[in-house]
Amino acid sequence: MKTRAAVVYEHNQPVVVEELELDEPRANEVLLRTAASGVCHSDLSVVTGTIYYDAAVALGHEGAGVIEHVGDSVTDFHPGDHVVLSFVSYCGSCRMCQMGRVCLCESYNVPRGLQLDGTYRLHNSSGDGILQMARIATMSEYMVVPQQNLVKIGAHYSLEKAALVGCGVTTGVGAVLNTAKVEPGSSVAVIGTGGVGLNAIQGAVFVEAEPIIAVDIAEKKLNFAKRFGATDVVNAAENDPVEAVHELTDGLGVDYAFEVIGNPKTIVQAYDMVRAAGTAVIVGIAHHQAEFSIPAQQFVASEKRLIGSFYGSCQPRVDMPKLLRFYEDGILKLDELITRQYRLEQINEAFAAMEAGENARGVIVFD
Ligand code: CXF
Ligand code: ZN
């Protein structure tokens, strides 16, 4: 069948929206009609090569849709089911999965962007295989994905809102609740207030952290941060954020700092702005070759903790339905995250708006 998708052929060039051929789902795979795909900074990182795919790749990893039909051996999903896409495929039986750390599944040693049997489902008009970002590629009208990447949700949820739970919400809120396990009353700083950072802020609100200090260089994004519950904002284009955070915490530094950019400089800033024995949590996905350094002796003497957080240390099938219930109960903001809707053809416009700091989240909606 045919599907229109957003494809990256060359780094730092406009994304191409084109019609591709989509194969039928094979065993353990499912064909979905996409309802919505969030536009996340990691999609832009694929365009720039910060997140590296070695061939043409269809974008999108934050989405929701409806099952059209299923391949052989799929018993838990049926046509008509509403699902959120997880951007990790996990086996459920390796050591990390058994430990509940399914996002760190160690089983699927398959080249990036191919299906679990090592083959393509998408092909362009020249007959070339097109990779799927995170094995899903949600910026496509239809998708064939492994059943391991599906999270069933109630049919009463808006799929546009639910799509955001596929990455930004789960990554940001999960970094606070699951990875760092921030205690009530803790002081928190969040560096980078894009879609994921705003969700780290609402996670911090959720656990009653105070103060919650938002750091960014875009005034508009700092305004979003205030709406999501930041008690203080620091414009790092005007002030040194490490000094500012110390000033706001009586010279001590924060209990927890979340770096949600993926930049070595801001990673070190996060480390520098936590108090002794405090925790810096790195959420942002840096360039695949980037490195950072911190003073080794002081690291020991300060007993600071520096930890990574991938996908909010979530268990997709447990945490995503839970986050949607929080939304239903009015304790998680999703409506306020969506500042603009786009058609698939406007993907390059959506990226430009992201770079200009105009949106909390832009969302591509399909018919
Ligand atoms: C990314 C991580 C790499 C795969 C796609 C998603 N995380 C969040 O945006
Ligand atoms: Zn993302």
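The values are calculated or read from the model by the stated rules, or taken from the named source; none is laboratory data. This one's a predicted model, so the numbers in the text were calculated from it and none came from an experiment. Please note: Cβ atoms are built from the backbone with ideal geometry, for glycine as well, and neighbour counts cover all protein chains shown.
The residues in the range 14-53 that are in contact (Cβ under 8 Å) with a residue 12 or more places away in the chain and closer than 25 Å to GLU355 by Cβ can be counted, and the count is 23. In this structure, GLY229 does satisfy being more than 30 Å from GLY49 (Cα to Cα), under 25 Å from the mean Cα position of the chain (by Cα) and either modelled with pLDDT of 95 or more or in a strand (DSSP E or B) (or both). Could you tell me whether any residue of the range 119-132 is crowded, with 16+ Cβ neighbours inside 10 Å and part of a helix (DSSP H, G or I)? Within the range 119-132 (the criterion being crowded, with 16+ Cβ neighbours inside 10 Å and part of a helix (DSSP H, G or I)), the answer is no, since none of the residues qualifies.
If you go through the range 202-218 one residue at a time, do you hit one that is within 16 Å of ligand 1 (Cβ to nearest atom) and either under 17 Å from VAL281 (Cα atoms) or surrounded by fewer than 24 Cβ atoms within 10 Å (Cβ to Cβ) (or both)? For the range 202-218, residues within 16 Å of ligand 1 (Cβ to nearest atom) and either under 17 Å from VAL281 (Cα atoms) or surrounded by fewer than 24 Cβ atoms within 10 Å (Cβ to Cβ) (or both): present. In the range 161-193, of all residues being crowded, with 24+ Cβ neighbours inside 10 Å and part of a loop (DSSP other than H, G, I, E, B), the one that is nearest to the chain's Cα centre (by Cα) corresponds to CYS167. Report yes if some residue within the range 344-351 is loosely packed, with under 15 Cβ neighbours inside 10 Å, farther than 16 Å from ALA200 by Cα, over 18 Å from the mean Cα position of the chain (by Cα) and touching a residue at least 60 places away in the same chain (Cβ under 8 Å); otherwise report no. Within the range 344-351, one or more residues are loosely packed, with under 15 Cβ neighbours inside 10 Å, farther than 16 Å from ALA200 by Cα, over 18 Å from the mean Cα position of the chain (by Cα) and touching a residue at least 60 places away in the same chain (Cβ under 8 Å).
Taking the conditions exactly as written (under 22 Å from the mean Cα position of the chain (by Cα), charged (D, E, K, R) and surrounded by fewer than 23 Cβ atoms within 10 Å (Cβ to Cβ)), does ARG4 satisfy them or not? The answer is no for ARG4.
Just one of (1) part of a loop (DSSP other than H, G, I, E, B); (2) in contact with a Gly (Cβ under 8 Å, 6 or more places away or on another chain); (3) within 14 Å of ligand 1 (Cβ to nearest atom) fails for ARG26. It is (3). Evaluation of ALA137 against the conditions (1) within 12 Å of ligand 1 (Cβ to nearest atom); (2) part of a loop (DSSP other than H, G, I, E, B); (3) surrounded by fewer than 23 Cβ atoms within 10 Å (Cβ to Cβ) shows that the sole unmet condition is (3).
Scanning the range 240-254 for residues that are outside any helix (DSSP H, G or I) and not small (Gly, Ala, Ser) yields ASP240, THR249, ASP250, LEU252, VAL254. Considering only residues in the range 68-91 that are away from ligand 2 (no atom under 16 Å from the Cβ) and of a type in the set (A, V, I, L, M, F, W, C), the one that is surrounded by the most Cβ atoms within 10 Å (Cβ to Cβ) turns out to be VAL83.
Taking the stated definitions as given, is VAL46 in contact with a helix residue (DSSP H, G or I) (Cβ under 8 Å, 6 or more places away or on another chain) and over 27 Å from LYS322 (Cα atoms)? Judged against the criteria, VAL46 is a match.
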